[in-house]
Amino acid sequence: MALPVEQTGERRLSTNIELPDPSLPAVIPNVNVYQQKKTLAQGMMDLALLSANANQLRYVLETYERHPYHIFSIVFISISLLVQIGVGIGLIMNSRYDVNDKKEICKANKINDYITIGIFVITLVNVLISAFGVAPRAT
């Protein structure tokens with residue numbers, strides 16, 4: 001049902017809003033499905049970054065004598081890998097909670113907060129890794 005058009009002076013306001021049919025039942029989305037999809041997407045991104053960091057670590061370990069910041073790189077790549085493993089464990093734990101249950105939603109929110117902090121730390125550490133680079137100096 002479209003609402004009538006109002007005229008005020010020279011301006012004409014048009015509001016074509018369709019109102020829902022009151023005889024149809026309202027569809028309530030399942031929040032658990034959303035949470036599981038979000039967790040899966042975060043897990044896939046974490047897995048991609050985990051494999052990239054593992055490759056960087058392998059490269060630094062293979063070329064440590066030519067790498068100017070090899071200690072720094074090894075430490076920060078290792079920190080990034082450990083935090084990523086922690087975030088992955090948190091994602092697995094978070095996906096097991098039923099967020100429709102009021103008791104479990106508090107636990108899920110707390111774990112989600114820890115995951116967010118972990119992702120921030122991973123981002124910060126990987127910015128530092130990128131700033132110092134893993135490529136050797138040109139000779």
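The values are calculated or read from the model by the stated rules, or taken from the named source; none is laboratory data. Note that the structure is predicted; figures quoted are calculated from it, not measured. A quick note on method: Cβ atoms are made from the backbone with ideal geometry, for glycine too, and the neighbour counts reach across all protein chains shown. Ligands, DNA and RNA are stripped out before the accessible areas are found, and what is left, the full protein with its side chains, is counted by its heavy atoms. Shrake-Rupley method; radii C 1.70, N 1.55, O 1.52, S 1.80 Å.
Brief remarks follow.
- Selected residue (only one of 86, 90 is in contact with a Phe, Trp or Tyr (Cβ under 6 Å, 6 or more places away or on another chain) and in a helix (DSSP H, G or I)): 90
Rundown of residues vs (1) surrounded by 12 or more Cβ atoms within 10 Å (Cβ to Cβ); (2) basic (Lys, Arg); (3) modelled with pLDDT under 85, yes/no style:
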residue	(1), (2), (3)
10	no, no, yes
37	no, yes, yes
50	yes, no, no
56	yes, no, no
59	yes, no, no
64	yes, no, yes
90	yes, no, no
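- Taking first residues from the stretch 107-122 that are under 17 Å from residue 47 (Cα atoms) and outside any helix (DSSP H, G or I) and partners that are open to solvent by less than 100 Å² (accessible area, probe 1.4 Å) and among the small types (Gly, Ala, Ser), no Cβ contact under 8 Å between residues at least 6 apart in sequence or on separate chains turns up.
- The single condition among (1) assigned to a helix (DSSP H, G or I); (2) open to solvent by 50 Å² or more (accessible area, probe 1.4 Å) that residue 97 does not satisfy is (1).
- Count of the stretch 68-83 residues which are surrounded by 15 or more Cβ atoms within 10 Å (Cβ to Cβ) and in a loop (DSSP other than H, G, I, E, B): 1
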